[in-house]
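Below: one structure, written as structure tokens.
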Amino acid sequence: MKKECMEQSNNMPTVVVTGRNYCNILTMARAFGKAGYNVKVLRIYKKKPRALNLLAKMEPDKDSKYVSAFRECIVNDNIQRIIDSLLEMAPKGEKALVFPVDDYSCHAVDENMDALESRYYVPGIEGRQGGIVELMDKDRQKKLAKDFDIPMLESTVIKSEDGSFTIPDDVIYPCFIKPNVSMKSTKSTMTKCENREELESALEKCVQKGGFEMLVEEYAEIKQEYSLLGMNTHGGITAPGLFRVIEGGHKERKGVALIGETVDTKPFQELIDKCSRFIRSLNFMGMFDVDFIETTDGKVYFVELNFRAGASTHVLTELGINLPGSFADQVLRQKDFDAGECKPEYGRRFISEKILIEEFARDDVDVSGVRDRMKKADICFIKDDDDPKPYNTFKKYYFVAAMMRVLFKIKSGSK
């Protein structure tokens, strides 16, 4: 399905936002639109959504007043389809900015930078094709970050080869396993292992699903999870947004914030400065998201660096710091950016309605829980009085989620 409008004039440069996540796409489209850009969207699907997976077919991003053109791309194991679609969407006579909003789209764009660079400005590392993909490896990130004295948990990588694997003797137990490259596996593989026997059992389950590459990390009791948002350009680096997770998702949504809150950066400034120097050293141009954990003994550790902006960037936009708009200004309009102006308000609570409806559909939150969480949120990702159509579309799917909830209960009860 396509939404095509006349090209906006008045010297409005174009930004093409692409990704799989409608919430990330929508928040970025609004940020660029409010900054005065012509916004096009390429919504990506790995496979055509199954008939009964109605939530996956939802497209509230298409209904935003800031989106001038909307196109779907069903990949079916052919990444070239994404690149062809982007090239077709590129405006004539000008170079646009392509802005991937999740790991999958970031991977696709970075691996094909050479094919895109004649029509687009592309976020990347040293303007080199494949630079970001190389650093999506968590183990490699941690090794590079150590040079900047950034605290992190001890870890090792275990890979399967021809259906077998070897567990090193130096693994620290209990341990926690997770994909070394997030997009190559699912969050369902993440688990705690008390000893070698449990680790071997967990890895046996992974190998049954195919080859794997897992990061095996010493286990730590997590008190709090944080995300640091910022951007790096030729004009310098800024990281003004720090959020803590108040409530996370369950199952395949584990590790994703349902509810979060802005916090003061001052107590974390030394760590933020170290991470900023680390990111600056990579010669990465673009927006980033750094994940931290605070353990029950009060220590804070680096988890990973994401080379793209997530939906929570919208919180900063709502608080008067439009980082996506500022990034586009520097790339497309050669405007300077004053990092000193970035002073967000602390203690503001936000909610991801996408995660909320998925939690409801899987029976992890009930109707009253949905209403209560929405009432307590200062900032929503989809609901927006200035751009109401996307939320009007989104709300209709709560009926679908209610039906899915019933089916999930029946299925769970039959096991």
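The values are calculated or read from the model by the stated rules, or taken from the named source; none is laboratory data. Nothing here was measured: the structure is a model prediction, and the numbers come from that model. Reconstructed Cβ throughout: ideal geometry from the backbone, glycine too, with neighbour counts over all protein chains shown. With ligands, DNA and RNA removed, areas are computed over all heavy atoms of the protein, side chains included. Shrake-Rupley method; radii C 1.70, N 1.55, O 1.52, S 1.80 Å.
The table for this structure:
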| item | result |
| --- | --- |
| Members of the stretch 146-176 that are of a type in the set (A, V, I, L, M, F, W, C), in contact with a Lys or Arg (Cβ under 8 Å, 6 or more places away or on another chain) and part of a strand (DSSP E or B) | Cys175, Phe176 |
| When residues of the stretch 371-390 are limited to those that are touching a residue at least 24 places away in the same chain (Cβ under 8 Å) and assigned to a helix (DSSP H, G or I), the one least open to solvent (accessible area, probe 1.4 Å) | Pro390 |
| Thr238 vs. criteria open to solvent by less than 20 Å² (accessible area, probe 1.4 Å), farther than 27 Å from Asp372 by Cα and in contact with a helix residue (DSSP H, G or I) (Cβ under 6 Å, 6 or more places away or on another chain) | yes |
| Top-ranked residue of the stretch 207-233 - restricted to ones that are of a type in the set (Ser, Thr, Tyr) and open to solvent by less than 50 Å² (accessible area, probe 1.4 Å), ranked as modelled with the lowest pLDDT | Thr233 |
| Residue in the stretch 140-156 that is farthest from the chain's Cα centre (by Cα), counting only those that are within 29 Å of Gln208 (Cα to Cα), of a type outside the set (Gly, Ala, Ser) and surrounded by 16 or more Cβ atoms within 10 Å (Cβ to Cβ) | Thr156 |
| Residue ID - farthest from Met136 (Cα to Cα), chosen from residues in the stretch 177-203 that are open to solvent by 60 Å² or more (accessible area, probe 1.4 Å) and in a loop (DSSP other than H, G, I, E, B) | Glu194 |
| Residue match in the stretch 212-220 (condition: hydrophobic (A, V, I, L, M, F, W, C) and in a loop (DSSP other than H, G, I, E, B)) | yes |
| Residue within the stretch 49-67 that is part of a helix (DSSP H, G or I), basic (Lys, Arg) and under 21 Å from the mean Cα position of the chain (by Cα) present | yes |
